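Presented below is the structure to which this report refers.
Coordinate-derived values only; no laboratory data. All figures in this text were calculated on a predicted structure; none of them were measured in a lab. Cβ sites come from the backbone with ideal geometry, for glycine too, and all protein chains shown count toward neighbours.
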Amino acid sequence: MPTVGPRSGDAIFANVDRVNAELFTLTYGAIVCQLLTDLEEVEEVNKQLDQMGYNIGTRLIDEFLAKANISRCVDFKETAEMIAKVGFKMFLGVTASVTNWDVEGTCCNIVLEDNPLVDFVELPDTCQGLYYCNVLCGVIRGALEMVSMKTEVTWVRDVLQGDDSYELQVKLLKQVPEEYPYKDDE
Amino acid sequence: MQFFGGSDVSPSPPAPTAAGHNANVMYMFNRNGVCLFYREWNRPLRTLNPQQDHKLMFGLLFSLKSLTAKMDPTSGDKGNLGVPQLPGQGCSFHSFRTNTYKLSFMESPSGIKIILVTHPRTGDLREALKYIYSLYVEYVAKNPLYNPGTPVRCDLFDTNLDQYVRSIS
């Protein structure tokens, strides 16, 4: 039986249910505002956004694998390409690209061309240091952990903090292979 | 866990099983060996209690996967048997057949394993298993009340699964 190859991000994006972009942006903005009111400290909010993203990522990975019909990536380079080309496109409609590979192939940067989360957003002076889109870091970290990769994801450049583009750094810490979960004392 | 005697009668293509459903048993495990879902439509013989049965099934598949990967004649890497593997890496087996049943298996890279036991003349169920995986995504993964890593208790998933399995030949 011929196997179907992975589907492209555009094809899937055309087929999924979509929500109004403004609703999405405003909902996310409301979440961040509420977190700032509740937690008051910018660092705490960053951590909380990352944790929320992590929880989303652990569920999102199954949807990604099911819709994109992907089998395991051979190495981290392919994984990063998948995230940028298929993942971001499929879930956010964003075109992203991978740059800046290090020598061992375990660390790269993902540049987002646009970012629907930050439409209409300006950071006030009281919120300097806030990574508004930190949820995206958490999502990537959570999703990759469910496919046995422990990673660290941070923002390198953020337009809301004065840079000219959105750039994430994804660093592979280690691959965690599957172990037999039951103890042998049965 | 749900135990379901297959007693519905519905017109269906010829199947040796007594019930109208075309599948006998279905299991779903996650990467930690937790049995997320178990459903039986037609299972006359039960020898073990459910926990032992699930452990046995999971252990069997874990070992089979390892064995089939290590025996792969096309792969260059000859690791030792028993070395842990990443889910989806290397070659993966998808079914085995005996004279009384066929067991079809699918594992996603995130470690979700779906097992379907059917009558021995069933064709290739890989597409069916992929569809079941997408049902899981729709009704379980996206369900905010579901806690990942715990057994699935979701009526919508059950109904849709039932309906779909009825249509597998």
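Brief remarks on what is shown
- Extent of segment A:1-147 along its three principal axes (Cα atoms, max minus min coordinate, largest first): 58, 39, 25 Å.
- Entry for segment B:101-169 at q = 0.13, 0.27 Å⁻¹: log10 I(q)/I(0) = -0.39, -1.34, Debye formula applied to identical alpha-carbon scatterers, no solvent contribution.
- Proximal aspartates and glutamates relative to B:K102, as straight alpha-carbon distance under 20 Å, when same-chain residues fewer than 8 apart are discounted: B:E40, B:D53, B:D124, B:E127, B:D162
- Surrounding net charge for B:Y38, when Lys and Arg each add one and Asp and Glu each subtract one, Cβ distance under 13 Å: +3
- Kirkwood-type radius of segment A:82-157, with distances r between different C-alpha atoms, in Å: 13.8 Å
- Proximal charge balance of A:E167 [Cβ under 9 Å; K/R count +1, D/E count -1]: -1
- FRET efficiency for B:R126 and A:K77, using Cβ-Cβ distance with R0 set to 30 Å, rounded to 0.05: 0.65
- Residue among A:N20, A:N69, A:N100 with the largest mean-square fluctuation in a Gaussian network model of chain A, springs linking Cα atoms under 10 Å: A:N20
- Degrees separating the helix A:21-39 axis from the principal Cα axis of chain A, which is the longest one: 70 degrees
- When the protein assembly as shown is reduced to its Cα atoms, the Kirkwood hydrodynamic radius in Å: 22.4 Å
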